[in-house]
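The values are calculated or read from the model by the stated rules, or taken from the named source; none is laboratory data. These figures come from a predicted structure and were not determined experimentally. Cβ: placed from backbone, ideal geometry, glycine included. Neighbour counts: every protein chain shown. Calculation scope for accessible area: heavy atoms of the full protein, side chains included, ligands and nucleic acids excluded. Shrake-Rupley method; radii C 1.70, N 1.55, O 1.52, S 1.80 Å.
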Amino acid sequence: MVEIKNLTKKYGSHLAVDNISFTVKQGEILGFLGPNGAGKSTTMNILTGYLSATSGEVSVDGFNILDNPVEAKKKIGYLPEQPPLYMDMTVREYLDFVYDLKGVKEERDEHINKICETVQISHVADRLIANLSKGYKQRVGLAQAMIGNPEVLILDEPTVGLDPKQIIEIRSVIKQLGKEHTVILSSHILQEVNALCERVIIINKGKLVASDTPESLAKSISNVNKFQVRIAGEERKVLDVLEPIKGIKYLKSLGRKEANSIDFILEAEPDTDVRIPMFYALAEAGLPILSLELTELSLEDIFLEVTKGQGGKIFEEVDESEIDFVNQSAEETEESMEESVAEAEEGAEQ
Ligand code: ADP
Ligand code: MG
């Protein structure tokens with residue numbers, strides 16, 4: 001349905017998209033995952049014909065976006081990072097305006113009403129866009145993309161800036177849309193593409209680094225070899241027991257977090273689960289494990305994992321303390337966001 005071949009985009013001398021190729025099949029929901037600055041929006045802008053590529057080809061349903069821009073663009077509905085809304089129009093006026101702009105053939109009222117129902121904005125149709133919440137503005141953005149019944153929907157970070165409840169609602173609308181459309185959705189949140197997409201493409205610094213189903217991605221990076229453990233006892237004694245255990249690649253004390261115990265960060269060799277030998281060794285030495293937690297994988301861990309063995313170095317060398325700091329803050333915000341979403345989701349089910 002959508003075919004991208006050797007796409008490259010330079011901004012001046014800056015290589016934003018570096019020789020990317022992929023295809024999206026009809027009816028597929030494809031997740032386009034990458035950190036900020038990876039080149040997601042640039043790629044999407046080229047896909048939709050808003051930006052020209054430096055080299056490479058894009059075709060939609062067989063129509064080349066350069067040779068047949070009108071035909072190709074008709075097949076695409078686009079929700080850019082910043083939805084192109086007119087704040088002083090009502091929702092209805094705006095959708096009427098987009099309908100005219102796109103030169104749609106379908107019966108006007110029926111078409112617009114149906115879209116409003118799908119994205120659940122019928123009850124705000126007469127409100128000024130300026131007075132809508134961010135979540136509702138995003139739905140209007142989705143509605144605008146759907147006018148003209150395009151087969152392909154391209155959504156650039158559709159949940160950014162929304163609160164947890166709005167995120168759940170937009171995700172469920174997208175899931176619904178995926179039943180009748182081919183959807184390409186970008187995100188910098190792994191859990192989001194996991195929740196929505198059948199296939200994930202990961203890009204970093206303009207390069208495509210992985211393409212797989214969320215399940216096999218998760219499998220290939222299953223995370224039983226990095227964790228934090230709290231052990232009751234003296235630090236030196238614990239180290240004496242742990243250090244000889246085979247398969248422990250990295251061990252570091254984090255000091256006392258609870259009375260009479262020490263926390264450790266521990267990393268095992270790939271495909272090695274050291275939890276069991278660790279348990280027996282510590283038990284024998286009379287050093288009880290109080291808690292053991294697997295460390296969350298950050299996007300960066302995943303990039304490192306998926307690019308392993310490809311010879312290329314994806315991350316520049318940075319001061320280690322800086323990396324820790326950056327990781328931590330990014331993980332914390334993302335985690336707490338995902339937690340709130342999970343909580344709100346539970347609430348919604350009740
Ligand atoms: P993403 O959407 O994944 O966050 P972008 O496609 O927006 O990434 O940006 C990719 C890279 O290209 C970034 O390094 C960004 O700073 C750069 N970039 C994006 N737009 C422009 C532009 N108009 N001019 C120059 N550089 C740009
Ligand atoms: Mg972007």
Q.
Looking at segment 156-180 only, could you name the residues that are of a type outside the set (A, V, I, L, M) and open to solvent by less than 20 Å² (accessible area, probe 1.4 Å)?
A. 156, 157, 158, 159, 178
Q: Enumerate the pairs (first residue in segment 269-286 and more than 12 Å from residue 226 (Cβ to Cβ); second residue anywhere and open to solvent by less than 80 Å² (accessible area, probe 1.4 Å) and part of a helix (DSSP H, G or I)) with beta-carbon separation below 6 Å, excluding pairs fewer than 6 apart on the same chain, so at least 6 apart or on different chains.
A: 281/241; 282/241; 285/241
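Results for (1) under 21 Å from the mean Cα position of the chain (by Cα); (2) among the small types (Gly, Ala, Ser); (3) in a loop (DSSP other than H, G, I, E, B); (4) at positive phi, shown as yes or no for each residue.
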site: 16; (1), (2), (3), (4): yes, yes, no, no
site: 20; (1), (2), (3), (4): yes, no, no, no
site: 30; (1), (2), (3), (4): yes, no, no, no
site: 45; (1), (2), (3), (4): yes, no, no, no
site: 53; (1), (2), (3), (4): no, yes, yes, no
site: 56; (1), (2), (3), (4): no, yes, no, yes
site: 59; (1), (2), (3), (4): no, yes, no, no
site: 73; (1), (2), (3), (4): no, no, no, no
site: 87; (1), (2), (3), (4): no, no, yes, no
Q | Residues (in a strand (DSSP E or B) and open to solvent by less than 100 Å² (accessible area, probe 1.4 Å)) located in segment 225-249 | A | 226, 227, 228, 229, 230, 231, 232, 248
Q. In the set 183, 140, which member is in a helix (DSSP H, G or I) and either touching a residue at least 60 places away in the same chain (Cβ under 8 Å) or out of contact with any His (no Cβ under 9 Å at 6 or more places or on another chain) (or both)?
A. 140
Q: Search segment 31-79 for residues being among the aliphatic types (A, V, I, L, M) and open to solvent by 70 Å² or more (accessible area, probe 1.4 Å), and hand back the single one that is nearest to ligand 1 (Cβ to nearest atom).
A: 66
(Q) Any residue in segment 150-162 that is assigned by TED's automatic domain parsing to the domain that holds residue 40 sitting within a Cβ distance under 7 Å of a residue that is within 12 Å of ligand 1 (Cβ to nearest atom) and part of a strand (DSSP E or B)? List the pairs, counting only those 6 or more apart or interchain. (A) 156/186; 157/186; 157/187
Q. Does segment 196-205 contain at least one residue that is touching a strand residue (DSSP E or B) at 6+ places or on another chain (Cβ under 7 Å), open to solvent by less than 40 Å² (accessible area, probe 1.4 Å) and farther than 30 Å from residue 19 by Cβ?
A. no
Q) Which numbered condition trips up residue 160, out of (1) touching a helix residue (DSSP H, G or I) at 6+ places or on another chain (Cβ under 8 Å); (2) within 16 Å of ligand 1 (Cβ to nearest atom)? A) (1)
Q: May I ask you to verify whether residue 114 is open to solvent by 20 Å² or more (accessible area, probe 1.4 Å), of a type outside the set (A, V, I, L, M, F, W, C), free of Cβ contacts under 8 Å to residues at least 60 places away in the same chain and more than 16 Å from ligand 2 (Cβ to nearest atom)?
A: yes
Q. For segment 46-85, how many residues meet the condition of being within 16 Å of ligand 2 (Cβ to nearest atom), more than 20 Å from residue 139 (Cα to Cα) and not hydroxyl-bearing (Ser, Thr, Tyr)?
A. 3
Q.
Going residue by residue through segment 157-173, is there one that turns out to be within 16 Å of ligand 2 (Cβ to nearest atom), in a helix (DSSP H, G or I) and among the hydrophobic types (A, V, I, L, M, F, W, C)?
A. no
Q. Taking segment 118-135 as the region of interest, how many residues are within 27 Å of the chain's Cα centre (by Cα) and open to solvent by less than 60 Å² (accessible area, probe 1.4 Å)?
A. 6
Q. Under 8 Å by Cβ, and 6 or more places apart or on different chains, what pairs join a residue from segment 26-45 that is outside the structural domain of residue 56 (by TED's automatic domain parsing) with one that is near ligand 1 (Cβ under 7 Å from one of its atoms) and part of a loop (DSSP other than H, G, I, E, B)?
A. none
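Look at residue 92 and say whether it is more than 29 Å from the chain's Cα centre (by Cα), touching a residue at least 12 places away in the same chain (Cβ under 8 Å), farther than 18 Å from residue 74 by Cβ and open to solvent by less than 70 Å² (accessible area, probe 1.4 Å).
yes
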